[in-house]
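Only one structure is covered here, and it is reproduced in the block below.
The values are calculated or read from the model by the stated rules, or taken from the named source; none is laboratory data. Note that the structure is predicted; figures quoted are calculated from it, not measured. Here the Cβ positions follow ideal geometry from the backbone for every residue, glycine too, while neighbour counts run over all protein chains shown.
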Amino acid sequence: MFLDGFDTQAISFVAPAIAREWELPVSSLGPIFSAAIVGLMVGYLVLSPVANRYGHRRTVIACTALFGILTLLCALTTGPIQLITLRFLTGAGLGAAIPSLVALTSEFAPARRRSSFVMFIYCWFALGFVAAGIVSGVVIPHWGWRAMFVIGGIVPLALLIPLLRYFPDSPRYLLMRGASTRAHATLRRIDPGLPADAVIRTDYSSAEEPGRGKVLMVVDLVRGRWFLSTLLLWTAFAANLAAFYAIQSWLPTIVGSLGAPSRVVIASTVLTTIGGILAAIIIGPAMDKTNPFRTLGIVYLGGAAFVAALGWVIGGGSTWALLGTAFLTGTCVTGGQMSVIALATVLYPPGMWSTGVGWALGIGRLGGIAGPLIVGSALGAGFLPRDVFFALAVVLVVASISVLMLERRSRA
């Protein structure tokens, strides 16, 4: 998760240096920025269900190796077409691995603390954002943009050593494949007191039968009783990510265009990330101890209020009011992004976690792509930043309604 956040944010710092070296116009950087995002979406939608057939351990290790090799190759590129292609493939590899990481975390976490565990690993995504800014500020001026790809490639390849040695596979997957001895050994690493002759059982529904193909697992998400629930979850994902990426992409530009100094521009953007990390400490346990759907619905409503307030403050508030409101916005928008991923593991049964999370993230990326584009078009058409943020607040209200409707369906 840390590598995903690092890679996603690092390209923002690398791209200007690439444009200078290759003498590219700024307008041509768009495909370089979006290539990995599109690749992530493909990985979420197409490749993540592969874990149901080959196992989460194999998927994560193979994708980590692929990610490291392709990132290193990015350092050797000599033109934009090569870089865009490699960035797309890199994103696809990450997109296949992340749902497996969420599924494994959900399986090994105690049921009463599942949301907290999932949100904890997603905090590392946000920390990767922060680390990318710090590392790029040191590396690029001294060693150039290619060094960032070298670092981004060496770290995952080095990570393969402990992954091969210690990374476990899903006991549920092993039992469903008849590998009860390996499942027993995996569980004894968690509980050394487990008797050697203990009989391990797992329950799985028809959606989790061994040998089910990738296409059927995807169809399960939108079939029968899951259709409306999946549609509501996808709506929440898309709305949340539309607001998240719109704010992350345009807040620096909007604040800077109003004459704020660079330190205020940077601080307001960073605070949205810090707010989300700190909020995860509160939202995760709240989802575990109370109704997770209701908790997230309230978070989104709070986010709508804070985003609307941010639009108002940008129009004429003080610097401290701007920074404080940006932080509060992050607690609900960035924090909500982490929370809705945890909600997917609450909604679906274990055998559907990988596919369910992968497709929710993939559909959500459509919102993440559309959000910044729509905001840019609105600003270009003459809408005030305040009006744009009010519209984003409405988007979060839609996310809240979707999650609260999910709660009603979960009780039915």
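Structure above, values below:
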| item | result |
| --- | --- |
| Residue under evaluation Glu23, criteria (1) surrounded by fewer than 17 Cβ atoms within 10 Å (Cβ to Cβ); (2) within 22 Å of Met352 (Cα to Cα); (3) of a type in the set (D, E, K, R), criterion not met | (2) |
| Restricting segment 121-152 to residues that are among the aromatic types (Phe, Trp, Tyr) and touching a helix residue (DSSP H, G or I) at 6+ places or on another chain (Cβ under 7 Å), the residue that is surrounded by the fewest Cβ atoms within 10 Å (Cβ to Cβ) | Trp124 |
| Gly376 free of Cβ contacts under 8 Å to residues at least 60 places away in the same chain and either of a type in the set (D, E, K, R) or out of contact with any helix residue (DSSP H, G or I) (no Cβ under 6 Å at 6 or more places or on another chain) (or both) | no |
| Some residue of segment 167-182 being assigned by TED's automatic domain parsing to the domain that holds Met1, farther than 30 Å from Leu86 by Cβ and among the hydrophobic types (A, V, I, L, M, F, W, C) | no |
| Boolean, Arg386 is in contact (Cβ under 8 Å) with a residue 12 or more places away in the chain, in contact with a Gly (Cβ under 9 Å, 6 or more places away or on another chain) and among the basic types (Lys, Arg) | yes |
| Set Ile341, Ile363, Ile282, Ile277: member being at pLDDT 90 or above, buried (at least 17 other Cβ atoms within 10 Å of the Cβ) and closer than 23 Å to Leu101 by Cα | Ile363 |
| Qualifying residue in segment 294-306 (condition: of a type in the set (Ser, Thr, Tyr), part of a helix (DSSP H, G or I) and within 24 Å of Asp387 (Cβ to Cβ)) | yes |
| Residue under evaluation Leu328, criteria (1) surrounded by fewer than 23 Cβ atoms within 10 Å (Cβ to Cβ); (2) of a type in the set (A, V, I, L, M); (3) within 21 Å of Leu384 (Cα to Cα), criterion not met | (3) |
| Count of segment 249-288 residues which are touching a residue at least 60 places away in the same chain (Cβ under 8 Å) and not aliphatic (A, V, I, L, M) | 9 |
| Of the criteria (1) over 21 Å from Val130 (Cβ atoms); (2) in contact with a helix residue (DSSP H, G or I) (Cβ under 7 Å, 6 or more places away or on another chain); (3) touching a residue at least 60 places away in the same chain (Cβ under 8 Å), which one Arg57 fails | (2) |
| Residues that are surrounded by fewer than 17 Cβ atoms within 10 Å (Cβ to Cβ) and touching a residue at least 12 places away in the same chain (Cβ under 8 Å), drawn from segment 110-120 | Arg112, Arg113 |
| Candidate set from segment 384-412 (those that are closer than 15 Å to Val313 by Cα and of a type outside the set (A, V, I, L, M)); member that is nearest to the chain's Cα centre (by Cα) | Phe389 |
| Residue among Leu3, Leu66, Leu70 that is of a type outside the set (Val, Ile, Thr), assigned by TED's automatic domain parsing to the domain that holds Ala97 and closer than 20 Å to Pro168 by Cβ | Leu3 |
| So Val218, is it within 23 Å of the chain's Cα centre (by Cα) and part of a loop (DSSP other than H, G, I, E, B) | no |
